[in-house]
1. What's the total number of residues in the range 54-80 that are over 19 Å from Ala39 (Cβ atoms) and in contact (Cβ under 8 Å) with a residue 12 or more places away in the chain?
2. Can you tell me which residue in the range 198-207 is nearest to the ligand (Cβ to nearest atom), limited to those that are more than 30 Å from Val309 (Cα to Cα) and buried (at least 16 other Cβ atoms within 10 Å of the Cβ)?
3. For the condition outside any helix (DSSP H, G or I) and either of a type in the set (Lys, Arg) or crowded, with 20+ Cβ neighbours inside 10 Å (or both), what is the one hit in Pro149, Pro170?
4. Just the residues that are on the phi < 0 side of the Ramachandran plot and buried (at least 24 other Cβ atoms within 10 Å of the Cβ), please, taken from the range 13-26.
5. So, Ala48, is that one at pLDDT below 95, over 30 Å from Ile285 (Cβ atoms) and of a type in the set (A, V, I, L, M, F, W, C) or not?
6. Would you please name the residue that is farthest from the ligand (Cβ to nearest atom), looking only at residues in the range 60-106 that are among the β-branched types (Val, Ile, Thr) and within 16 Å of the chain's Cα centre (by Cα)?
7. Would you confirm whether or not the range 107-118 contains a residue that is hydrophobic (A, V, I, L, M, F, W, C), under 29 Å from Lys6 (Cα atoms), within 14 Å of the ligand (Cβ to nearest atom) and without any contact (Cβ under 8 Å) to a residue 60 or more places away in the chain?
Amino acid sequence: MPEASKAIGTAPGKAILCGEHAVVYGRPAIAIPVTQVRAEAIVRQDPAGDGVHVLAEDIGAEIDVDTAPEDDPLAVAVRLALAELGVPRPQGWRISLRSTIPIASGMGSGAAVSVALIRALARAAGHELPTERVSQLAFEVERIHHGTPSGVDNTVVAYEQPVYFVRGQPPIPLQIGARMTLIIADTGIRSPTRETVAAVRERWQADRRRYERIFDEIGELVDAVRVAIEGGHIDAIGPLLNRNHELLSLLDVSCPALDRLVDAARAHGALGAKLIGGGRGGNMIALAPSERVERIAEALRTAGAARVVITEVRPGAEG
Ligand code: PMV
């Protein structure tokens, strides 16, 4: 990389509109990019420096990729990317990492950081990796965050478009029939996805019949949401999201703070609302009629939301 130049990679946050947890067991999920929050990685050349260092500005951490623990997710992302790019030991690469995506809260922060890092490193090495490959490398890193990830996070974050996703299959970009306004509210409770995924697995192991039935119903409602999204039947989506929240509660991944926000959104005119991502904290999402967006956002803040993000999914945005 030329000394004075810098290489930048970015990636958005994401929300799982429906299908989380069941997606780990082979059912479909629908995920959307949330471009209002982003991760950004910048690689600079330090002529006096050695090795590769990552400075994670938000958490004030600095890691030396050569000496970082084997399973450090940032170091793993860097090592995988460098091996892929055929530049195993660059010297004096300093990577600054910044992200406005809340950590451990169901918005894909880990996957977005990996994708941003991998893209920045590829550009620093003078390559542009295909999106599919970026997504696969980020998936390898996700294994450390999640244990048994489905791959939905790295997929939607790398492709940056709404996707219908089934584990192990190429993602299907969704055609959007009508504009949807979504409000995402954070409980402020950090809840690692790895733990909720493990908790669901324990329940499933103890009573497979019961949990397979729940996963089946989630899969069916995801297919119904897809039909409604593609047909532009926004009103049909709300009740399906509500039912998805109930089914996630049966998996025991909701919590009082999430239920409070979901109830507040519904009481103030949301068409539907549910928790998103791993659950037991993190974020919820509400589908809002455009004239009620402000009212619902205000109600969510009053009900204790630590942060509210308003995002849109629009026809044509699927690329
Ligand atoms: O908590 P998040 O946004 O990382 O989403 C996790 C989604 C799960 O379905 C719970 C796990 C997965 O790997 O798909």
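1. Of the residues in the range 54-80, 3 are over 19 Å from Ala39 (Cβ atoms) and in contact (Cβ under 8 Å) with a residue 12 or more places away in the chain.
2. In the first step, residues of the range 198-207 are kept if they are more than 30 Å from Val309 (Cα to Cα); the result is 201-207.
Pick out the ones that are also buried (at least 16 other Cβ atoms within 10 Å of the Cβ) and you get 201, 203-204.
Details: Arg201: 11, Arg203: 13, Trp204: 13 Å.
So, considering only residues that are more than 30 Å from Val309 (Cα to Cα) and buried (at least 16 other Cβ atoms within 10 Å of the Cβ), the one nearest to the ligand (Cβ to nearest atom) is Arg201.
3. Details: Pro170 fails: either of a type in the set (Lys, Arg) or crowded, with 20+ Cβ neighbours inside 10 Å (or both).
Criteria check complete, one pass: Pro149.
4. Residues of the range 13-26 that are on the phi < 0 side of the Ramachandran plot, as a first pass: 13-18, 20, 22-25.
Selection gives Gly13, Lys14, Ala15, Ile16, Leu17, Cys18, Glu20, Ala22, Val23.
5. Working: at pLDDT below 95: yes; over 30 Å from Ile285 (Cβ atoms): yes; of a type in the set (A, V, I, L, M, F, W, C): yes.
So Ala48 fits the description; yes.
6. Only one residue tops the list, namely Thr100.
7. Looking only at the range 107-118, we keep the residues that are hydrophobic (A, V, I, L, M, F, W, C), and these are 107, 111-113, 115-118.
Adding the requirement that they be under 29 Å from Lys6 (Cα atoms) leaves 107, 111-113, 115-118.
Going one step further and asking which of them are within 14 Å of the ligand (Cβ to nearest atom), we end up with 107, 111-113, 115.
Add one more test, that the residue is without any contact (Cβ under 8 Å) to a residue 60 or more places away in the chain, and what stays is none.
Among the residues of the range 107-118, not one is hydrophobic (A, V, I, L, M, F, W, C), under 29 Å from Lys6 (Cα atoms), within 14 Å of the ligand (Cβ to nearest atom) and without any contact (Cβ under 8 Å) to a residue 60 or more places away in the chain, which makes the answer no.
The rows are residues; the columns are (1) over 18 Å from the mean Cα position of the chain (by Cα); (2) closer than 24 Å to Val156 by Cα.
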site: Pro173; (1), (2): no, yes
site: Arg179; (1), (2): yes, yes
site: Arg209; (1), (2): yes, no
site: Glu220; (1), (2): yes, yes
site: Val225; (1), (2): yes, yes
site: Ala267; (1), (2): yes, no
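The values are calculated or read from the model by the stated rules, or taken from the named source; none is laboratory data. It should be emphasised that the depicted structure is a prediction, and the values quoted were computed from it without experimental measurement. Here the Cβ is made from the backbone with ideal geometry for all residues, glycine too, and neighbour counts use every protein chain on show.
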